[in-house]
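Participant: Next up is a structure, given as structure tokens.
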Amino acid sequence: RRICEGSFQMAMSCAVVTTFSPQGYEVYGRHFIETFTEFWPADVPLYAFYEGEKPADASERATWISLDADRDRSKFMAAHKDIETGDYRKCPVRFCHKVYAMAGAPRTTGHLIWLDSDCETVAPITDAVLRKICADPGQAGAFLARPQARHSETGFLSFNKNNCGYEFLDELRRFYNSGELFILSELHDSMAFDCVRRRFERAGHRFKNICPDSKGLSVFSQSYLKDHIKHHKGAGRKERKYGHHMIPGE
């Protein structure tokens, strides 16, 4: 194991999980993996959940897992596909893939980090960075709060194995499988995350907000991630970064 410089702390035990559609892989997922390979520690596993066929040029840096093999996800999609609308707030299927990928990822490390696949790593991820963005001892997870918005930003999340973080993922899966998601005013993963998080907080669990002084909607760039990871969220940012206009939901 590596030792943190200037201390006797053991290196963080982390893994990262992401997912993408076939088009998403072509537009931004491949670049996600390339920049992950360049800047993340070699001993941090990457779990890439894919839809359809595994990419022909799939990088050996990632462990590739078929999202289509998740039976819970298949049942959820079949049951609710007719609900989808042009309003992202009423698209439970479009935003379920992240939940099933997070909940289905291997749990072999102390922390599991979720990153949206339209993220780009731009600077080395050190142990010091990992300690800032992951939950502290005694916390269940870490997230990007948006106090001035209806829900948190979930392009980044992390879960602590040693303080019920993985039990949180089990509860989030159950929240979808049971249909309890439909009690919410908006049917996407960010609202679901906040609902389950607040239940855990009422039960005494704590979560780390990694953008404590943020304002407005774009909090990713105001967080501890800002110098290391860029989030090209939304059609406009994707077109500027990748030269491709993404239709919502693609």
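The values are calculated or read from the model by the stated rules, or taken from the named source; none is laboratory data. In this text, all values refer to a predicted model and were calculated from it rather than measured experimentally. Don't worry about glycine lacking a Cβ; one is built from the backbone with ideal geometry, like all the others, and counts go over all protein chains shown. Just the protein is used for accessible areas: all its heavy atoms, side chains included, with ligands, DNA and RNA removed. Shrake-Rupley method; radii C 1.70, N 1.55, O 1.52, S 1.80 Å.
Participant: For the chain, what does the accessible surface come to per residue with a 1.4 Å probe? Please give it in Å².
Facilitator: 46
Participant: So how strong a dipole does the chain carry about its Cα centre when Lys and Arg Cβ are +1 and Asp and Glu Cβ are -1, to the nearest 20 debye?
Facilitator: 660
Participant: If you take the charge dipole of the stretch 4-117 about its Cα centre, with +1 on Lys and Arg Cβ and -1 on Asp and Glu Cβ, which of 58, 42, 18 is farthest toward its positive end?
Facilitator: Going by the charge dipole, the pick is 18.
Participant: Please work out how much length the chain gains when fully extended from residue 123 to residue 56, using 0.36 nm per residue of separation minus the C-alpha to C-alpha distance, in nm with one decimal.
Facilitator: The span from residue 123 to residue 56 would gain 21.4 nm if fully extended.
Participant: Turning to a different aspect of this structure: Which lysines have a Cα lying under 23 Å from the Cα of residue 208, excluding residues fewer than 8 positions away in the same chain?
Facilitator: Cα-Cα hits under 23 Å: 98, 132, 161, 226, 230, 233.
Participant: Right, here's the next one. Starting from a Cα-only point model with no solvent, please compute log10 I(q)/I(0) by Debye for the chain at q = 0.09, 0.11, 0.13 1/Å.
Facilitator: The Debye formula, applied to the Cα set alone, gives -0.36, -0.56, -0.81.
Participant: I've got another one for you. Pop a pseudo-label 7 angstrom from the Cα along the beta-carbon direction at both residue 206 and residue 88 and give the gap in nm to one decimal.
Facilitator: My value for the distance between the label points is 3.2 nm.
Participant: Continuing with the same structure: Could you work out, for the stretch 152-206, what percent of all Cα-Cα pairs fall into each 10 Å distance bin, beginning at 0 Å and stopping at the bin that holds the largest distance?
Facilitator: 23, 59, 18, 0
Participant: Counting only Cα atoms, I'd like the Rg/Rh figure for the stretch 54-171, Kirkwood definition for Rh.
Facilitator: Rg/Rh for the stretch 54-171 comes to 0.98.
Participant: Give, to the nearest whole percent, the P(r) tail of the stretch 70-113 beyond 15 angstrom, counting all Cα pairs.
Facilitator: It works out to 49 percent of all Cα pairs.
Participant: Also, quick follow-up: When 1/r is averaged over all different Cα pairs and the result inverted, which Kirkwood radius in Å belongs to the stretch 103-201?
Facilitator: When all Cα pairs of the stretch 103-201 are included, the Kirkwood radius is 14.4 Å.
Participant: Based on the mean of other Cβ atoms within 10 Å per residue, sort peptides 78-87, 17-26 so the most packed one is first.
Facilitator: 17-26, 78-87
Participant: Using 0.36 nm per residue, how much length does the chain from residue 69 to residue 38 gain when fully extended, once their Cα-Cα distance is taken away?
Facilitator: That works out to 8.2 nm of additional length.
Participant: I'd like the carbon and sulfur percentage of the solvent accessible area for the stretch 67-180, probe radius 1.4 Å, heavy atoms only, ligands and nucleic acids excluded.
Facilitator: Ligands and nucleic acids excluded, carbon and sulfur reach 52 percent.
Participant: Considering only protein heavy atoms and a probe of 1.4 Å, how much of the accessible area of the stretch 13-65 is carbon and sulfur, as a whole percent?
Facilitator: 50
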